[in-house]
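Engineer: The structure is given below, and queries will be raised subsequently.
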Amino acid sequence: MEGAIKDWRNDIYKVFKELDITMVSHVPDAGHTPLINLCEKDNEIDVVTLTTEQDGVGLSCGAFAGGRKSALLMQSSGVGNCINALALPNICRIPFLTLVSMRGEWGEFVPWQVPMGLGTPKVLEAMDVKVFRTDYKEEVGSTVDAAARFAFNTNRSAAVLLSQKMIGAKQFKNG
Amino acid sequence: MIERRPFVQKILKNRQSNLRVVSGLGTSTWDLMSGGDDKANFGFIGAMGQAIPFALGLAMAQPDLRILLFTGDGDTLMSLGSIATVANHPVTNLTIVVMDNESYVETGSQPTATAGKTDLEIVAKGSGISNSYTIKNEKDYDRLIKTIYEEEGPSLVVAKCQAKATPLVFPHSFDGSVSINRFMSTLKS
């Protein structure tokens with residue numbers, strides 16, 4: 001993805017580098033895969049594969065306490081798993097940044113993705129997370145940069161919803 | 001069975017300067033605070049299930065320190081997957097001590113899964129934490145101290161202890177931002 005092909009994940013990676021984000025945790029999603037690959041090739045970034053998204057909240061807070069900035073990558077279906085864990089950065093005023101690849105909205109094929117897709121911004125806002133959203137590739141870098149600065153400058157939680165329109169809706173074929 | 005509070009207090013009383021201690025919510029935090037106020041401790045009072053991932057992040061960020069997590073079987077059972085994450089992103093400086101009283105003591109001593117068929121030492125080993133063992137009485141203190149300060153982690157020690165309610169000992173503040181900032185003042189970033 002890097003090099004000749006311009007990809008918006010490169011813009012996210014640049015923000016990580018500029019803001020010294022050195023830990024990236026995730027439950028993988030196809031929308032994040034190019035970014036995960038970029039981070040895995042970078043010796044200065046630790047990539048932690050989680051078994052559930054909520055553990056990325058605690059991991060991120062522990063890392064920050066120890067002096068490292070991190071970001072949690074997940075799909076919208078993972079946001080619901082994080083609800084109570086989000087109390088931790090909230091009550092401790094620890095900066096928390098998550099990037100959420102959206103499902104269940106633009107041209108979704110799988111009906112099971114719709115409930116959590118619809119609930120994602122509401123759930124985050126219910127837990128005092130500042131929600132940013134990006135629908136266009138050109139604005140990804142500036143939006144992630146703004147969200148990260150919001151989180152780390154104000155000691156709050158911030159999420160960037162990366163829209164399905166931008167990522168592209170996967171159409172499944174039977175057989 | 002281990003009497004948990006004096007056991008924890010003994011570890012704290014003899015602590016070395018390179019140790020930072022985290023505790024999971026509930027009795028583990030009251031145990032930790034019973035050893036006296038110390039900025040080098042951080043106790044959860046909520047966010048059940050998050051103590052292990054927090055300790056992992058902290059251990060990764062502070063590789064020159066030894067990180068000790070006291071937590072309960074209830075907290076651990078809520079996030080069993082985090083044990084697999086710890087095993088696969090090895091941190092040599094992390095010791096998890098599960099104070100396993102086989103019950104949710106704070107809510108009326110309902111039995112946990114470890115009162116039944118679940119063995120957290122086997123869970124840890126099966127998850128890939130090879131340095132995992134169970135201790136059942138105070139004479140295992142020296143072995144645990146060696147694990148905490150000297151052995152290559154990650155380690156998970158199951159400390160079978162009495163299921164009895166002990167007096168609550170509150171931290172310096174219930175405000176997490178106060179607690180974490182005091183704790184962070186003991187760390188070099």
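Engineer: Straight-line reach from A:Lys6: which aspartates and glutamates have Cα under 16 Å away, leaving out those fewer than 8 places along the same chain?
Structural biologist: Cα-Cα hits under 16 Å: A:Glu138, A:Glu139.
Engineer: Additional query: Is the shape of the protein assembly as shown best called rounded, prolate or oblate, per the rule: a/c under 1.5 gives rounded, else a/b larger than b/c gives prolate, else oblate, with a ≥ b ≥ c the square roots of the Cα gyration tensor eigenvalues?
Structural biologist: Prolate, because a/c is 1.5 or more and a/b exceeds b/c.
Engineer: With respect to the cross-link table entries B:Lys10/B:Lys164; B:Lys39/B:Lys125; B:Lys10/B:Lys117; B:Lys136/B:Lys164, which display a Cα-Cα separation exceeding 22 Å? Working shown, then result.
Structural biologist: Values: B:Lys10/B:Lys164 19 Å; B:Lys39/B:Lys125 33 Å; B:Lys10/B:Lys117 31 Å; B:Lys136/B:Lys164 16 Å.
Cα-Cα > 22 Å for B:Lys39/B:Lys125; B:Lys10/B:Lys117; rest within.
Engineer: Next question, about the same structure. Could you work out the equivalent-ellipsoid semi-axes for the stretch A:45-175, taking the square root of 5 times each eigenvalue of the Cα gyration tensor, largest first, in whole Å?
Structural biologist: Values: eigenvalues 128, 51, 37 Å².
Values for the stretch A:45-175, descending: 25, 16, 14 Å.
Engineer: Taking the alpha-carbon distance from A:Lys17 and a cut-off under 15 Å, which aspartates and glutamates remain once sequence neighbours fewer than 8 residues away in the same chain are dropped?
Structural biologist: A:Glu2, A:Glu40, A:Asp42, A:Glu44, A:Asp46, A:Asp145
Engineer: For the stretch A:8-167, with every protein chain kept in place, what is the accessible area per residue (1.4 Å probe, Å²)?
Structural biologist: Spelled out: the 1.4 Å probe surface of the stretch A:8-167, per residue, equals 38 Å².
Engineer: Given the pairs A:Lys14/A:Lys130; A:Lys137/A:Lys170; A:Lys69/A:Lys165, which span a C-alpha to C-alpha distance of over 24 angstrom in this model?
Structural biologist: A:Lys69/A:Lys165
Engineer: Here's another thing I want to ask about it. Apply 1/(1 + (r/R0)^6) to the Cβ-Cβ distance of B:Val169 and B:Asn14, taking R0 = 25 Å, and write down the FRET efficiency to the nearest 0.05.
Structural biologist: That pair, B:Val169 with B:Asn14, gives E of 0.85.
Engineer: Could you give the spread of the C-alpha atoms of the stretch A:100-146 along their three principal axes, from largest to smallest, in whole angstroms?
Structural biologist: 32, 26, 10
Engineer: What is the distance, in nm, between label points placed 7 Å from the Cα along the Cα-to-Cβ direction at A:Ser163 and at A:Glu44?
Structural biologist: 3.3
Engineer: Further question on the same structure: What's the longest bit of chain A with no exposed trypsin sites (Lys or Arg not before Pro), using DSSP loop states and at most 14 other Cβ atoms within 10 Å as the test?
Structural biologist: That gives A:42-169 as the longest site-free run.
Engineer: Let me ask another. What Kirkwood hydrodynamic radius do you get for the stretch A:1-62 when you take the inverse of the mean 1/r over all pairs of distinct Cα atoms, in Å?
Structural biologist: Answer for the stretch A:1-62: a Kirkwood hydrodynamic radius of 12.2 Å.
Engineer: Along each of its three principal axes, how wide is the spread of alpha-carbon positions in the stretch B:106-189, in whole angstrom units, largest first?
Structural biologist: Ordered largest first, the stretch B:106-189 gives principal extents of 39, 37, 27 Å.
Engineer: Related question: Using the crude model of +1 on Lys and Arg Cβ and -1 on Asp and Glu Cβ, and no other charge, please compute the dipole size for the stretch B:127-186 relative to its Cα centre, in debye to 20.
Structural biologist: Values: 7 positive and 7 negative charges, 55 e Å.
In debye, rounded to 20, the stretch B:127-186 gives about 260.
Engineer: For the protein assembly as shown, what % of the accessible area comes from carbon and sulfur atoms, probe 1.4 Å?
Structural biologist: 52
Engineer: Something else about it: Just going by the charge dipole of chain B, with Lys and Arg at +1 and Asp and Glu at -1 on Cβ, which of B:Tyr133, B:Leu68, B:Ala163 is farthest out on the positive end?
Structural biologist: The residue sitting farthest along the positive end of the dipole is B:Leu68.
Engineer: Tell me, what is the percent relative contact order of the stretch A:8-167, built from C-alpha pairs under 8 Å that lie six or more residues apart? Before the final figure, lay out the partial values.
Structural biologist: On the way: 318 pairs, mean separation 38.1, N = 160.
For the stretch A:8-167, the relative contact order is 24 percent.
Engineer: Next question. How large is the helix-only mean residue ellipticity at 222 nm for chain A, computed as the sum of -39500 (n - 2.57) over DSSP H runs with n ≥ 4, divided by its residue count, in deg cm²/dmol to the nearest 500?
Structural biologist: -12000 deg cm²/dmol
Engineer: What do you get for Rg/Rh of chain B when both radii come from the Cα atoms and Rh is the Kirkwood radius? Walk me through the numbers before you get to the answer.
Structural biologist: Values: Rg = 14.9 Å, Rh = 16.2 Å.
Rg divided by Rh gives 0.92.
The values are calculated or read from the model by the stated rules, or taken from the named source; none is laboratory data. Only a predicted model underlies this, so the values are computations on that prediction, with no experimental measurement involved. We place every Cβ from the backbone using ideal geometry, glycine too, and count neighbours over all the protein chains shown. Just the protein is used for accessible areas: all its heavy atoms, side chains included, with ligands, DNA and RNA removed. Shrake-Rupley method; radii C 1.70, N 1.55, O 1.52, S 1.80 Å.
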